[in-house]
Structure formats: C-alpha cells, structure tokens
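Chemist: Shown below is the structure under consideration.
Derivation of every value follows stated rules applied to the coordinates shown; laboratory data play no part. Remember, predicted model here, so these are calculated numbers, not experimental data. Note: ideal-geometry Cβ built from the backbone for every residue, glycine included; neighbour counts use all protein chains shown.
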C-alpha cells in the first residue's frame with residue numbers, strides 16, 4: 001500500500017494559483033524526490049499533504065485514509081523555514097518539540113542524548129539556539145523531525161548549511177531509515193543529492209506535474225547517443241561519424257551523428273588506434289533533465305496561452 005497518495009490537488013491564494021493539478025504517490029521503503037523551481041508549488045503541496053492547507057479540489061490519503069491527529073504524530077517534518085526558538089537552550093528546545101509529538105519525558109530522556117551524540121551536539125545542548133552555527137541548527141532541526149521515530153519523514157532542503165562530513169552523515173541516516181521501511185519524501189534543489197538518494201521523483205512547475213517516475217528509467221528516457229571517453233592519445237579534429245568533440249575536464253564528450261550508435265564510434269576509435277582509458281555512454285544528469293523539462297514545459301504553456 002502506498003503511504004502517501006496525492007490525487008489532482010489544487011490550491012489558490014487569491015488570484016494566485018499555487019497548485020493547479022498535482023498527483024503522485026510515495027511508497028514505504030523509498031526516498032521520493034519532490035522537485036521543482038522556486039515558486040513551482042512544492043511547499044504548498046507539502047502543506048496540503050500535512051493538512052495545513054485544505055485543497056480546493058483533489059484528495060490526499062495518508063496511511064490508507066484521511067489525515068488525523070494520530071497520523072500527524074507519525075510524521076516527521078523538516079520545513080524549509082526553521083522553527084527552533086532562538087533564545088532557548090538547545091536541549092529545552094528539542095524536549096518541548098518532542099512533547100508536541102506525544103513523547104513522554106521518560107522517552108525523551110532516553111532518546112535525546114542518543115540523537116545529540118549522533119549529531120555531535122552533546123557538548124552544545126546547554127547553549128541557546130542563536131549561539132549555534134547554522135550547520136548545528138540544521139542538525140538540531142533534523143533531530144526534532146526524527147526523535148519521535150516517525151513512519152513518514154518529509155524533509156525540505158535537508159542539507160542546508162551542512163559541511164561535507166555532516167552531509168554524508170545525514171545521507172547515511174536517510175538510507176538507514178529507508179532500509180528500515182520508512183517513507184521519506186525529500187524536497188531539494190541539490191540535484192546531485194537526488195541522484196544519489198532518490199528511488200523515484202516527481203517534477204512540478206507552475207503547479208502541475210511535468211515528470212514522474214523511477215530515477216533510472218527517467219535518465220534512460222532522456223539518454224542520447226553521446227559518449228564520454230578518456231584517452232592519452234591526441235584526438236584528430238575529425239572522427240568519422242562524430243559531429244562534435246567537447247573537452248570536459250578529464251573526459252571528451254563525443255556527439256555522434258543522428259542515429260549512429262555508440263558502438264560504431266567505438267569501432268572507429270579502435271580503427272584509428274586511439275588508446276582509450278574509458279568509454280561510456282553519457283547518462284544525462286538530473287540537472288540537465290530538470291532544465292530541459294522545465295524549459296519545454298514553460299514554452300508549451302506560452303504556446304497554449
């Protein structure tokens with residue numbers, strides 16, 4: 001059973017249509033990416049899921065039915081706008097937020113030290129929030145979202161202000177939670193993190209869905225016949241069947257003629273006795289797919305108008 005099912009939701013604020021028609025589902029044991037440019041309707045969609053906003057049309061099902069107080073307590077939410085009290089010490093902040101999720105003081109006293117230790121915040125728990133670095137505050141906000149052991153985790157820009165070490169710490173944690181069967185929905189502009197973490201994704205813009213599906217299948221769908229090679233040889237200016245050659249750091253990107261397979265290019269390189277350290281079909285990055293789909297979607301909207 002899908003944990004989150006969103007069907008054709010719409011939400012307006014005055015004359016602004018924030019969400020026009022958004023549908024997707026999120027499964028247990030996966031990390032699902034909710035992607036889109038600024039102003040695309042991501043945050044509004046999340047708030048509809050959390051029952052903060054009521055949709056004008058469409059439905060949302062959580063754990064098999066409508067949202068209720070019990071289900072809200074099974075959700076861990078990390079908003080993009082952080083909600084820690086700046087003049088309150090860290091441990092009191094987290095204790096209070098945990099009580100809002102119906103945790104007892106005994107449960108908090110048992111779990112909070114473990115989380116503080118995991119995020120290297122034990123020595124800072126008596127400091128006021130405003131005395132902590134932005135990275136520390138981000139880790140504290142993550143603790144607030146996870147301390148009550150939620151079944152559903154919704155996180156908006158989870159890697160903000162984190163250095164590489166703490167970014168990896170959070171990534172490992174999310175993978176562990178996914179492997180435990182939790183449902184994780186992640187919204188971020190960091191496409192490299194989506195490529196590394198997400199199993200499936202939905203891309204929305206102007207309040208409508210432009211793309212949805214399995215990440216690997218999407219990358220295959222947008223694949224071209226371009227190839228990346230590494231070589232110590234000097235490449236000739238013209239290689240039979242190759243339209244263009246671009247140098248990209250340690251690689252050369254070769255664009256074959258339309259309809260020409262990468263295998264033909266490989267054979268031509270071998271025939272010309274070009275030494276190859278590597279040869280691979282160029283997989284489009286999610287950044288490239290994102291830009292292409294959003295640009296084409298906006299051009300289509302302009303034509304419709």
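Chemist: Taking each pair of distinct Cα atoms in the chain once, what is the resulting Kirkwood hydrodynamic radius in Å?
Modeler: Its Kirkwood hydrodynamic radius stands at 22.0 Å.
Chemist: Taking the chain as a Gaussian network, Cα atoms linked when under 10 Å apart, which of 79, 236, 164 shows the biggest mean-square fluctuation?
Modeler: 236
Chemist: Which Rg and Dmax, in Å, describe the Cα atoms of segment 224-281?
Modeler: For segment 224-281, the Cα-based Rg and Dmax read 10.1, 28 Å.
Chemist: Using just the alpha carbons, could you tell me how many Å³ per residue the convex hull of segment 192-250 encloses?
Modeler: Roughly 151 Å³ of hull volume per residue.
Chemist: Would you mind computing, in nm to one decimal, how far apart the modelled labels at residue 25 and residue 261 are, each placed 7 Å from Cα along Cα→Cβ?
Modeler: 3.7
Chemist: Based solely on its DSSP helices, what 222 nm [θ] is calculated for the chain when runs of n ≥ 4 H residues each add -39,500 (n - 2.57) and the sum is averaged over all residues, nearest 500 deg cm²/dmol?
Modeler: Estimated from H runs of four or more residues: -10500 deg cm²/dmol.
Chemist: As an exercise, use a Förster radius of 51 Å and the Cβ-Cβ distance of residue 281 and residue 106 to find the FRET efficiency, rounded to the nearest 0.05.
Modeler: Once rounded, the FRET efficiency stands at 0.35.
Chemist: Any chance you could list P(r) for segment 105-157, counting all Cα-Cα pairs in 5 angstrom bins from zero, rounded to whole %?
Modeler: 4, 18, 30, 24, 17, 7, 0
Chemist: Quick one: 75, 270, fewest Cβ neighbours within 10 Å first, how do they rank?
Modeler: 270, 75
Chemist: Using Cα pairs closer than 8 Å and at least 6 residues apart in sequence, work out the relative contact order for segment 224-281, in percent.
Modeler: 51
Chemist: Using the count of nearby Cβ atoms within 10 Å as a rough guide to exposure, how do 123, 199 rank from fewest to most?
Modeler: In order of increasing Cβ crowding within 10 Å: 123, 199.
Chemist: Okay, moving on. As a footprinting exposure proxy, order 52, 274 by other Cβ within 10 Å, with the fewest listed first.
Modeler: So the residues, fewest neighbours to most, are 52, 274.
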